[in-house]
Structures are given as structure tokens and as C-alpha cells.
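Written below as C-alpha cells is the structure these notes are about.
The values are calculated or read from the model by the stated rules, or taken from the named source; none is laboratory data. This one's a predicted model, so the numbers in the text were calculated from it and none came from an experiment. We place every Cβ from the backbone using ideal geometry, glycine too, and count neighbours over all the protein chains shown. Just the protein is used for accessible areas: all its heavy atoms, side chains included, with ligands, DNA and RNA removed. Shrake-Rupley method; radii C 1.70, N 1.55, O 1.52, S 1.80 Å.
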Number of protein chains: 2
Amino acid sequence: MTTDLAIAQENEQHEIKPITEIAQQVGLSADDIEVYGKYKAKLSYAAMNRLQQQKQGKLVLVTSINPTPAGEGKSTVTIGLGDALNMIGKKATIALREPSLGPVMGIKGGATGGGYAQAVPMEDINLHFTGDMHALTTANDTLAALIDNHLQQGNELNIDPRRIQWKRALDINDRALRNVVIGLGGHANGIPREDGFDITVASELMAILCLADSLADMKERIGRIVIGYTYDRKPVTVADLGVAGAITMLLKDAIKPNLVQSLAHTPTFIHGGPFANIAHGANSILATRAALGTGKIAVTEAGFGADLGGEKFMDITAPAIGHLPDAVVIVATIRALKYNGGVKLADLKTPDVAALKLGYVNLQKHIQNMQRYGRPVTVAINVFTQDSQDEIQTLQDLCAADGVKAYPTTVWADGGAGAKALAEHVAQIVNAPTDFKPLYTNSDTVEEKLATIARTIYGAKDVAYTGEAKRDLRQIKRNGWTGLPICVAKTQYSLSDNAKVLGAPSGFTLHVRNLVPKTGAGFIVAMTGDILTMPGLPKHPAAMDMDVDENGKITGLF
Amino acid sequence: MTTDLAIAQENEQHEIKPITEIAQQVGLSADDIEVYGKYKAKLSYAAMNRLQQQKQGKLVLVTSINPTPAGEGKSTVTIGLGDALNMIGKKATIALREPSLGPVMGIKGGATGGGYAQAVPMEDINLHFTGDMHALTTANDTLAALIDNHLQQGNELNIDPRRIQWKRALDINDRALRNVVIGLGGHANGIPREDGFDITVASELMAILCLADSLADMKERIGRIVIGYTYDRKPVTVADLGVAGAITMLLKDAIKPNLVQSLAHTPTFIHGGPFANIAHGANSILATRAALGTGKIAVTEAGFGADLGGEKFMDITAPAIGHLPDAVVIVATIRALKYNGGVKLADLKTPDVAALKLGYVNLQKHIQNMQRYGRPVTVAINVFTQDSQDEIQTLQDLCAADGVKAYPTTVWADGGAGAKALAEHVAQIVNAPTDFKPLYTNSDTVEEKLATIARTIYGAKDVAYTGEAKRDLRQIKRNGWTGLPICVAKTQYSLSDNAKVLGAPSGFTLHVRNLVPKTGAGFIVAMTGDILTMPGLPKHPAAMDMDVDENGKITGLF
């Protein structure tokens, strides 16, 4: 079988250009970039800041239906669309999130597109890249060590060890670190207390890196982070600890957007990588602004389905960018919709128009959700070889009935050439007059905002709060944080908070377990259902199939 | 006060050369290096492998007396000596360890020399550098997650959770993570067990990175790591888990030596950073061989005093390099020797020849220890402005009586010009005929080897083993690991295992708490006294004084 890695390795050898050339393509000089090897670069501060102000292109957001085990290929379509837009002369750029090593070593393999629609150098991007993720882990855990040291050295700030909200982090899927007791071993070894590790992408520092618009803004946001509460329930911030400068220093290079290329040489900014289920799910606004400042059309992506990444992009990320999407592309596959229609994974190769029609409700709900924001919407059908012409036509007809055009794309096999029709359509609709309708206003109460998201986007009947969540609500009110937007942590597999409910459920209750104010990032995380902020590894981790030979050539990184 | 950081920042602006130029100076082409920004590079695999075979220069080892709060400046002298050797036309290169962020954020500040004898770019090297330390942390903790996942998924290998030897790691001083309980929270969240975090520099992977001579050797060593034991006490290796390839893959770039420069443009390989108290304390053999392959004289350094870094260099590192030091330089300060002679820290500015004579016994013991290996030895007196001429002359006379020349050096203030006389002498003695006498042979028993180190190097009367250490000895014998050399983990502040005993103690007992076989690194760690493998932060961590402005300029990183 030809793997994404094999295609990347084969084509990188022949096709990849020095990153200085890619930079030149979009008017970036040698001084505008800091190269990391021949094929990766970071923007300099000067270039990063300059591109924030540059005349902006049009923004295309790529999102999708709820993911299924059948695979959707959203990153692949995002890259293929960028390549296609370039092919038809639209001078496109791409902005994507950085892969997290946790899932790479676990189940997912690479996260840089696939086939002939990939970002390269694929191995580097999927492994340590330019070190952003590691800088975030280090900054996160240095802050944690400084907090525990503060307790140990006399606890001048009167921090209640039972109410420390700041958790440790690793960019690793490690379920055994979800709940730990630290500080054991007697008085020289810290204050014993309960703690836990999140995956780094769920760290508030990752959200801050992605939402800050300058180094100075990042330092202010870091200073505002609430790490916990005193014995008399007053919030304690990083500024109170006196280490906002040191933590920002550890992120001084990580804040600079990274530049790479697609196999077709489309300039690709890959920067920041919050998951969309447990965080806000979009690359950094600095990278998106850089893509907007260097391309006539910038294509970006939001994580998982439009209920998570899409909603959060519209309500959290786009306001921070200061630029709403000029068009939205929703990726779907015939296979995934049939799976939503009740077909078993093993049977997805068999044509089944009836199941497709049943499963279409999931796509339909996401179309309606994105339409309600008042931006033009279109659908990309990521075609697999087994899909029948009849099925493709049926899906196009179903979409047409809901007022959107759907385009079959074959970018995995054909690169940008496989998305030309989609690209032509997108290039047209980005210029359509728009009328943005926000989902909620920040002055609504937390409960109102959550109810609006749950009812309008998910299709829920109501929202139920645990006792802990109610206590959290009172604390949020007491501290005057109710004006922040909401970032829902929810399973990606369903519109509801139950991973097993496919299609477009309605009449269900959204269960809010607890609420975590992230005052540095500037949102409140609502933990729903049994979503976890630290994934686990499967029975047969992908790591077991990975290898590297004596010349550094990697195998098994799909 | 002028800080090392301020001098580095000032001089970097005016003096620093593109790393491509530094590479050219020693015959490395643009294809031989992979640049990380303008001033840092890694060797390519081809260059790394080629330099292993290249005709080799002479090797100078810089070591020191036991460190005191007064400061010795061993890295500063190492860099200054390299610069001085270049000044007198000897075409020198330097090989150093990478700083660990834990101490940087804790108490130490930077670890790249000082004043006008520094490696640059100072900020980058002291913070994330080229990501080696983070790659090691990630590889270490990915392995840990794979072990706990193995337990969770059925434990096919029958691993006893109480006998897992592999610990987690962070490059952070975090005492609260020394002893933890993980896997809490019910059946979905792992198997509860006791665990702990070491600082990354103490990880066996760091030792392997520093002792492997190729990527293939690294993979074999990683496969041999014993992560723990089965319920019937059989060792379980990384190869048994089937993940040696994946863990090596995570280190495929970290294994490549980094090239930077001193302020005087001496090519400086900085790679790998095991501490000498809790690990073997020398930079990678790949970096030292690269320095030997590119310079006529390569100057390298071993951590802490000659009892730790010096002894381990002679007995563990040099055999792995395949090249013994052609000369040994021992760094001492008048201040530190007076401190050893009983003078309080606050009174060290006052001339005190009597105290100097008393404290000289510490230097004398280190001179004798290094002389016994049969290599030429000399002393560098790192002169402080308050040192009196009388004191300096006294120290030179004392050294002369023990058969070694001692040279005052002023490299902090004067750069290489402050070590010219030392350099002339070193350039001469590296050509002296030598007669190497190893301290022990690997076929000695573990107890014999430990007794030899304790008596000959430390001055101990005998070695005492706890019950746990005795059990460890039996296990080591049962598994046939007795032929490995010994890496003693001991306080750096004393020749004994008690940090408070200064001078040159004798008649004491060395207390061995436990023994940890590191079969991948190829040595047995003997934990003595109350040495810890995870440091803590002080009451006022250095982090509290660090800051970065809106343009990325750092302050407070001394």
C-alpha cells in the first residue's frame, strides 16, 4: 500500500523547494524569516508584526461533518483546495495547526494532509517541527513547578492547595497521568496534593499562543491566567506569582508563525495546535493573519466537526483575527455519511443510497449551522474510489435542496487538480455580499450562552449542570468573568455529548460537568459528557510500527 | 553590574558571524550542516559520520575542584582556553554540554561561560537551543506512557508494576514530582502505582545520546534498556515492548551534534548535557569526536569536580570516545580554596594566605587523582579582582610542590588573551609521552569497583550498602551485568557523600543507598548519600527576575 509518508518522502526528494524560495513567492525576504533547516522557517518578529497590518485577502474556513472511523480528510481537502486555488491563479496561502505527538504516536499517525495534498517536510512537521509544542509543555510545567515551590517555600500568597486549577501537561497520550498525587515523600519533597496532566494542546498557554496578536499581548494574557484560589477563594494569577515575564520568555520563539509548503509549493503557515474537542481548535491568529497578508485567498481549517471547530472559529477565533470567514467549506465523505446512516464500517464499500440519505442529516445540520452565521457555504465531497456515481449525484442533489453546491474532490490522488471545480466556486463566493449574524453576545449570561450553543448548534433540548458546575457558575459570577465567550469541551463524534449518538439527534440534554475560567485565553471552558483532557493510547499504539534506519529514514509514520 | 547576558547581547550584535562561516573555518560545507536560524546548526548525518573517522587532534579535558558557593568558572575557563589556543595559532575547537532549563530557571542562570569567554547565541543555547533536551524528555515520557499502556491493555509481558525502573522526566526543577502516585481515578485511568520524575539530564536516554557513536548504535542501546522486571523477576527491555524504533525515531535529530561559536569565533560543539553528580557528566562522544576531527586541539569539559566528572570521563567517556585526554586542566579559584580553608562566604574578599594553604588540600587531592591516570596535569587559577598577588604566588608554589604548573587566567574580563600562558603550556604538554593507568578493570566485581573509586578518588575508608543496595547487587549478579563500569551519583560539594564536608576528608564511609543498572547506557548507577535525581527550586527562583520585552529582548538570564 502506498502510504502518505511514502508519497511525501518520494515527492519531497524531487519537488520540495528551499523555504527561502517559497518565502520569496509571497514577498518575504531572507531577513523576514529564520530558517530551521532548508525547508522550515519561522517569521521574524518584524515580518510577523508587519503582516498583521498588511492589506488582507479573503478568508476561507474549511470544516466538516462529525468525524467517523471511516475518515473525512479535512486537512487533505484544505491543502488540496489551497493548491487548486493557486492552479487557477488565485494566489492562495494555507494556515493549519501543528500536529500533536500524542495522537501521532497513538492512533492517528501524521496530521499534515495526505496523498498528493500534503504539507512537507512531513516527518519534521509531525515530529518535533520547530519546537513550539515543546516550548509550551516546558512553559506549562515550569509554571506548575513554580506554583508548588511557592507552596513549599511558605505560601506567602495563601494559595489553597486543594483549589489549584493549573494542571501539568505533556504532549503525550498518557492516561495514567490523568489523576495523580504529587508531593509525596516527606517535608523535603513538596506539599502532597491531587493534580493531573492534560495533553499540551489543551493547555491555556496553547490557547493564548493562538489568540495573542503580539508578544506584548501574550505577556499580558499570561499574567492574567488564574492558577487557583486562596483559602478565602480569591483568584491567584501568574502576575501575582511574579513570573509572567519568565513564562513569556520561554515562548518568545514559539509565538512566531512557521512557514512550510505543500507538495505543490503553496506557502503554508503551520502554527499552534489546540484540539477542537477540548480546546478552541484553530491555528494561531498570527498565522492566519500572515496567510491573509501574503495571499489573495487564505485557506484555513477548524478542528473536528463544524459543531466544535466551526462554531468556535465563528465565536472565538474570527473575532480575535478581526476577519470573519468569507466562505465556509464543509468536508464530507459518502462513507462517513453512510456510517451515520447505520452502515457498519466493514460494509462501507458497498453502494447504499438509502443509508446515504439517512446519514445525510448529519451534514445537513452542519450546513444549517454554518449558514446561520450569514456566510456563503459550500460542500466538498472527498471522493473515495469505491464511491458510486449514483451516491455522489444523490449527495449533490441533497445539498442542492438545502441551497448549497457540493463538489466531488479527489485531492488525495490528484493534488490540486482534484479540486478545481470547488476552487472556482470558492473563488467566486468569497466575493458575495455577507451579513454576519453572531450566535450570541458576550453580555449574555454563561447559562444563556451555553443554552444557545446547545440548542442552536447541537440540537439539544436543554442543559443540565452538576453540583460542581453550579458552584463553578457562582464562582465565575463572583469574580466578574461572565462576559467571556464559551469554549465547549465535548466529544467530536456526535452533535450531542454522547459519542455513540450519530446523525442529527434532537431533544437531548447537554450535561455540563464543570466550568473552567481561562482568563488568559479569554474564554470559559464547559466540560460536557465524559470528555477527557488527556487521551490514552490504544491496545496497539502506532508507535509499535514506527522505525528509523541507520540513515535517519523513517517508516510507519502514516 | 555588567552581566554575562549583557556582554553576550552587546557583543553578539557586533561580533557574531553566520554559522556557515564558522563551519567553513573548519572545512565544513553548507551541505555538512543544517542551520537553525543564522547562528546555530546541527551536523548532517554525513558530516557527523565522516568526522568520526577523521584524523584526530589532541584532547584537553578541563575539570575542577569541588564547587563552592564562591564559584569556579570551569565553562568560562574552558571557552577562554579554546580562544587562547586559537590566538596562539593552534586551531582549537571546543566541546561542551547543553545547559538544562531546570537550573537556568532555578538558581544558576546561564551555563555557557561568562564575560568575554562565552558561547553564543547565549539566550538560545540556554533556553530551547535546537530542541535536543525536549526531544529527550518526549522520548523518555513516551516510553513511560507506552509502559503504563502495556499494563492497562492486559500486561502481556507480565510486568510487575511495583518493579518498574523507568521513571518519567522533565527538564525542570520540580521537587513535587520526585515521588508521585499515578493511575488514580478508576479502571479507565490506568493501574495505580508509585512513580517519580527525574530531571531529563538524569535520564538513561541522555546517557545513551552521549555515549552512542551512531544512530544504529543508539537504537541498539535503546532496545537494551531495562524498564523493569516481571513478577518472576526477569528483566523487561524496550525491545521486548517493541518500541525501540519509535523511541529512536524521536531522537533522530537530537543525535546530531550542534555547532555554535565563542565570542572569539572558536567553533564550539554543544551537545548532550548529563549532570556529573547524578549522571556521567560529559557532552556527547559524537561532539567530542567532531571537535577532534575539526581542530588540532579539542578542549572539552567534565561536570563538577574531578572526583565526579573527571573520574567518569576517564573511566566511562574516554573509553567510549576511543581517545584519552592528552592533558588535564584543573580549574580552581583562590576564593573557593579559602572557602575550603574555613573562610565564610562574606569574608572571601579579604586576603588570607593561611586559609588558602588550609583549603589547598582539596585541589591537591584532585591533582593527585588526575595524575594517577598517567596524563599531564596543569592548573588554571581563575583570578578574581580581589585576589592578592601574594595569594596567587602561594597557590602557584603549592602546585609546584605537587609537580604541576599553575597559571593565573583572566578570561572573564579579557577573553582568550587572559589565558595565553596557560594555552602555551597546554599546547606543549599535549605532546608529552603518556602512560595511561586505568582506575579499575570492568571484570572487577561491582563491590571492588566501588571500593576502588571510593578509596582512591574520594579518600574513603570503606563502602556501606543498605539492604536495598544489597538486593540490587544480587539482582545485578543474577542478570550478568557485573561487567559494567560504575557511575556514582554523589553530592558535588564534597569528596565524600556528605555535602558539608569540605577540604580533603579521609577515613569516612561511602553510603550506597541503591544501585540502578542502566544497560542501554552501559553502566551501573550507584546512588550515594542523599543525592536526588530531581532538583528543587530555591525560595527566590531565578525565573522571578527574568523578563522579555515586546521585541523579544531578554533580561535576567545571567
Exercise. Based solely on C-alpha atoms, express the radius of gyration and the Dmax of region A:230-341 in angstrom.
Key: 18.1, 59
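Efficiency by 1/(1 + (r/R0)^6): what FRET value for B:Gln371 and B:Ala46, r their Cβ-Cβ distance, R0 = 51 Å, to the nearest 0.05? Spell out each step's value before the answer.
Numbers: r = 40 Å, r/R0 = 0.79.
Computed FRET efficiency for B:Gln371 and B:Ala46 comes out at 0.80.
Using the scaling law 2.2 N^0.38 Å as the reference, what is the normalised Cα Rg of chain A?
Working: Rg = 22.8 Å, N = 558, 2.2 N^0.38 = 24.3 Å.
With N residues counted in chain A, Rg over 2.2 N^0.38 Å equals 0.94.
On the accessible surface of chain B, probed at 1.4 Å, how many percent belong to carbon and sulfur atoms? Each step should come with its number before you reach the end.
Values: 9210 of 18190 Å².
Result for chain B: 51 percent of the exposed heavy-atom area is carbon or sulfur.
Using only atoms on other chains, find how many Cβ atoms lie within 10 Å of each Cβ of peptide A:122-131 and report the average. Don't skip to the end; give the middle numbers.
Values: counts 0, 3, 1, 0, 0, 6, 11, 1, 3, 7.
Across A:122-131, the average partner-chain Cβ count within 10 Å equals 3.
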Exercise. Over both sides of the A-B contact, add up the buried accessible area with a 1.4 Å probe and give it to the nearest 100 Å².
Key: 5900
Exercise. May I ask you to report, in nm to one decimal and beginning with the shortest, the distances from B:Glu468 to the same position in the other copies, taking label points 7 Å along Cα-to-Cβ?
Key: 3.4
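At 222 nm, what value in deg cm²/dmol follows for the protein assembly as shown if DSSP H runs of at least 4 each add -39500 (n - 2.57) and the sum is divided by all its residues, to the nearest 500? Mind dumping the intermediate values first?
Working: 38 runs with 364 residues, N = 1116.
Estimated from H runs of four or more residues: -9500 deg cm²/dmol.
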Self-check item: Cα lying deepest toward the dipole's positive end in the protein assembly as shown, options A:Thr237, B:His366, A:Ala291, charges on Cβ
Solution: A:Thr237
Quiz prompt | For B:Gln24, label point 7 Å along C-beta direction: distances to other copies, nm | solution = 1.9
Quiz item: Counting partner chain Cβ atoms within 10 Å of every residue's Cβ in A:532-539, what's the average?
Solution: 3
Self-check item: Sorted largest first, extent of the protein assembly as shown alpha carbons per principal axis (Å)
Solution: 99, 55, 53
Quiz item: Under a point-charge model restricted to the Cβ atoms of Lys and Arg (+1) and Asp and Glu (-1), what is the dipole moment magnitude of the protein assembly as shown relative to its Cα centre, in debye to the nearest 20?
Solution: 1280
Quiz item: Which of the peptides A:281-288, B:82-89 is most tightly packed, and how do the rest follow, going by the mean number of other Cβ atoms within 10 Å of each residue?
Solution: A:281-288, B:82-89
Practice problem: Pull up the DSSP beta bridges for region A:212-333 and report the antiparallel fraction as a percent, rounded to 5. | Solution: 100
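Kirkwood-based Rg over Rh for region B:391-450 (C-alpha set), two decimals?
Value, to two decimals: 1.19.
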Quiz prompt | Distances in nm from B:Pro351 to the matching label points in the other copies, shortest first (labels 7 Å along Cα to Cβ) | solution = 10.3
Quiz item: Hey, got the average number of other protein chain Cβ atoms within 10 angstrom for residues in B:133-146?
Solution: 6
Quiz item: Once the Cα atoms of helix B:74-87 and of chain B are each reduced to a long axis, what angle between those two axes, in degrees from 0 to 90 to the nearest 10, is obtained?
Solution: 50
Quiz prompt | C-alpha long axis of helix B:420-429 to longest principal axis of chain B, angle in ° | solution = 60
Quiz item: Which whole number in µm²/s is D for region B:209-295 by Stokes-Einstein, with the Kirkwood Rh taken over Cα pairs at 10 °C and 1.306 mPa s?
Solution: 108
Practice problem: Note the direction-averaged projected area, equal to a quarter of the hull surface, for the Cα convex hull of region A:67-155, in nm². | Solution: 8.7
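So for region B:6-135, Kirkwood radius off the Cα pairs, Stokes-Einstein at 4 °C and 1.567 mPa s: how many µm² s⁻¹?
Details: Rh = 16.3 Å.
For these conditions, the coefficient is 79 µm²/s.
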Quiz item: With no solvent and one point per C-alpha, what does the Debye sum give as log10 I(q)/I(0) for region A:275-370 at q = 0.11, 0.16, 0.18 Å⁻¹?
Solution: -0.42, -0.73, -0.84
Quiz item: When the convex hull of the Cα atoms of region B:132-250 is projected onto a plane and the area is averaged over all directions, what value comes out in nm²?
Solution: 7.3
Quiz item: Averaged per residue, what accessible area in Å² does the protein assembly as shown show with a 1.4 Å probe, protein chains only?
Solution: 33
Quiz item: Between region A:170-221 and region B:364-421, what's the alpha-carbon centroid distance in Å?
Solution: 47
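Is there a pair in A:Lys38/A:Lys539; A:Lys349/A:Lys500; A:Lys539/B:Lys42; B:Lys296/B:Lys553 whose C-alpha atoms are over 27 Å apart, and which pairs would that be?
On the way: A:Lys38/A:Lys539 37 Å; A:Lys349/A:Lys500 22 Å; A:Lys539/B:Lys42 37 Å; B:Lys296/B:Lys553 37 Å.
With Cα atoms farther than 27 Å apart: A:Lys38/A:Lys539; A:Lys539/B:Lys42; B:Lys296/B:Lys553.
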Practice problem: With everything on Cα atoms, drop me the angle between helix A:285-294 and the longest principal axis of chain A, reported from 0 to 90° to the nearest 10. | Solution: 40
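Take every DSSP beta bridge with both residues inside region A:132-250 and express the antiparallel ones as a percent of the total, to the nearest 5. All intermediate terms of the calculation are to be shown ahead of the outcome.
Details: 8 of 11 bridges.
So the antiparallel bridges amount to about 75 percent of the total.
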Exercise. Quick one: work out Rg over Rh on the C-alpha atoms of region A:432-554, Rh as Kirkwood radius.
Key: 1.14
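Among the trypsin sites (Lys or Arg not before Pro) in region A:167-256, which ones are in a DSSP loop with at most 15 other Cβ atoms within 10 Å of the Cβ? Mind listing them? If you can, show how the numbers build up before the last one.
On the way: sites: A:Lys167, A:Arg168, A:Arg175, A:Arg178, A:Arg193, A:Lys219, A:Arg221, A:Arg224, A:Arg233, A:Lys252; in loops: A:Lys167, A:Arg178, A:Arg233, A:Lys252.
Those that pass, being in a loop and sparsely packed, are A:Arg233.
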